[in-house]
Structures are given as structure tokens and as C-alpha cells.
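Novice: Sending over a structure as C-alpha cells; questions will come in a sec.
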Amino acid sequence: MALALLAPALLLGAAPDGSGETISLAGNEPGQRLDVTLTHVVDPASPAADLPAEADADGPDRLLAVRFRLENTGTAVYRDSPAPAAHLLDTTGQRFTGLDVPTTAGPNFPDTVTLEPGGTTEGFVTFRLPEDAGAAAVQFALNTGLGDDVGQWSLP
């Protein structure tokens with residue numbers, strides 16, 4: 001009897017200049033599919049003027065903002081939270097979860113994005129990481145980051 005491995009599928013895209021190729025990701029429910037493109041990286045990102053004091057990046061941390069374009073190529077409505085669906089990996093392998101923190105890089109995604117089939121949206125996801133951490137890659141998965149397909153873009 002053959003054993004099936006239950007592990008996420010890692011789908012890779014290149015992002016040598018801060019923009020990457022489009023990666024098609026399936027969700028865990030029937031009809032869930034998104035084409036996800038990393039379009040821009042801002043490192044460091046400046047906090048927005050209306051940033052709450054507890055989210056300010058002064059001190060030993062910095063903010064890094066990543067812009068994604070999401071296109072619903074499936075047959076089901078996409079309703080999810082993009083920030084926790086995104087992760088940043090540093091050069092030591094530490095993983096940082098995306099945040100809904102506004103920066104001057106541009107508009108971030110709302111807490112919940114709803115896209116009908118064929119719909120498209122763009123927005124930033126922000127990461128807080130140590131000032132001296134090297135950003136190595138960004139990951140994105142549907143179902144608030146718990147989808148089996150995981151897209152990954154290497155950072156310069």
C-alpha cells in the first residue's frame with residue numbers, strides 16, 4: 001500500500017526586482033482558486049501618520065510592506081483575510097506573519113477581502129521584523145494562510 005504525504009505544495013515565483021510572477025493557488029474548499037502576484041516590496045516602509053502608537057516601528061524593529069495582486073480565477077467567492085495569509089521568511093529561517101498595519105507605501109488590504117469569480121484587487125501587507133534581519137522570501141496561502149498550496153517569492 002502506498003503512503004500519501006500530507007504536506008503543503010510549495011509553488012515558487014521569482015522576485016529579483018521586487019516583482020514576481022503570478023502563482024495560481026488553490027484553497028481548501030471546492031472552487032477556491034486565486035492567481036497571486038507579488039508586485040512591489042518596500043523595505044523599509046514608513047509608518048502611516050495615523051499609525052496607532054502600539055504599532056509604531058521605532059526602536060529595534062522595521063516595517064517591510066509587500067504589495068500583492070489577487071485575482072479570483074475560481075468558481076467560488078473568495079472571502080479571506082490577506083494579512084495573516086502572508087508570511088515573510090528571514091535569512092535565518094524565522095517566520096513573520098503579515099499585519100494590517102498602514103504604511104506610506106500605499107493602501108493595505110482591508111481586514112477581509114471579498115472577490116467574486118473574475119474579480120481582482122491589490123493591496124499591501126506589512127511585516128514587522130528586527131532592524132538587522134535579512135528578508136529572504138514571502139509566502140502566501142489561501143484560507144488565512146492554512147491552504148495546502150503555498151506560493152513563495154524570493155526577495156533580493
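Values quoted throughout were computed directly from the atomic coordinates according to the rules given, and no laboratory measurement underlies them. For clarity, every value in this text was computed on a predicted model and none was experimentally measured. Please note: Cβ atoms are built from the backbone with ideal geometry, for glycine as well, and neighbour counts cover all protein chains shown.
Novice: Exposure proxy check: V101, V42 ranked by fewest other beta carbons within 10 Å?
Specialist: If I rank by nearby Cβ atoms, fewest first, I get V42, V101.
Novice: Using only the C-alpha atoms of region 61-156, find the volume of their convex hull and express it per residue in Å³.
Specialist: Spread over its residues, the Cα hull of region 61-156 gives 93 Å³ apiece.
Novice: Starting at the first residue of region 118-130, write each ³J(HN,Hα) from the Karplus equation 6.51 cos²θ - 1.76 cosθ + 1.60 with θ = phi - 60°, in whole Hz, x for Gly and Pro.
Specialist: Calculated HN-Hα couplings, in order: x, x, 9, 8, 9, x, 9, 10, 9, 10, 10, 9, x Hz.
Novice: On to the next question. Under the rule of at least 5 residues apart or a separate chain, name every residue whose amide H is placed under 5 Å from the amide H of G147.
Specialist: L142
Novice: Taking amide H atoms as placed 1.01 Å from N in the peptide plane, list the residues 5 or more away in sequence, or in a different chain, whose amide H sits under 5 Å from that of V101.
Specialist: Hits under the 5 Å cutoff: T126.
Novice: Through the Karplus equation 6.51 cos²θ - 1.76 cosθ + 1.60, θ set to phi - 60°, convert the phi angles of region 66-74 into ³J(HN,Hα) values in whole Hz; use x for Gly and Pro.
Specialist: 10, 9, 10, 10, 10, 10, 7, 9, x
Novice: Also, quick follow-up: Over all directions, how big on average is the projection of the convex hull of the alpha-carbon atoms in region 88-137, in square nanometres?
Specialist: 4.5 nm²
Novice: Ordered by residue, what ³J(HN,Hα) values in Hz, to whole numbers, does region 79-94 give under the Karplus form 6.51 cos²θ - 1.76 cosθ + 1.60, where θ = phi - 60° and Gly and Pro are x?
Specialist: Taking θ as phi minus 60°, the curve returns 9, 7, 10, x, 4, x, 7, 10, 9, 10, 10, 8, 5, 9, x, 5 Hz for region 79-94.
Novice: In addition: Tell me which residues come under 5 Å, amide H to amide H, from H40 once H is placed; ignore anything under 5 positions away on its chain.
Specialist: R67
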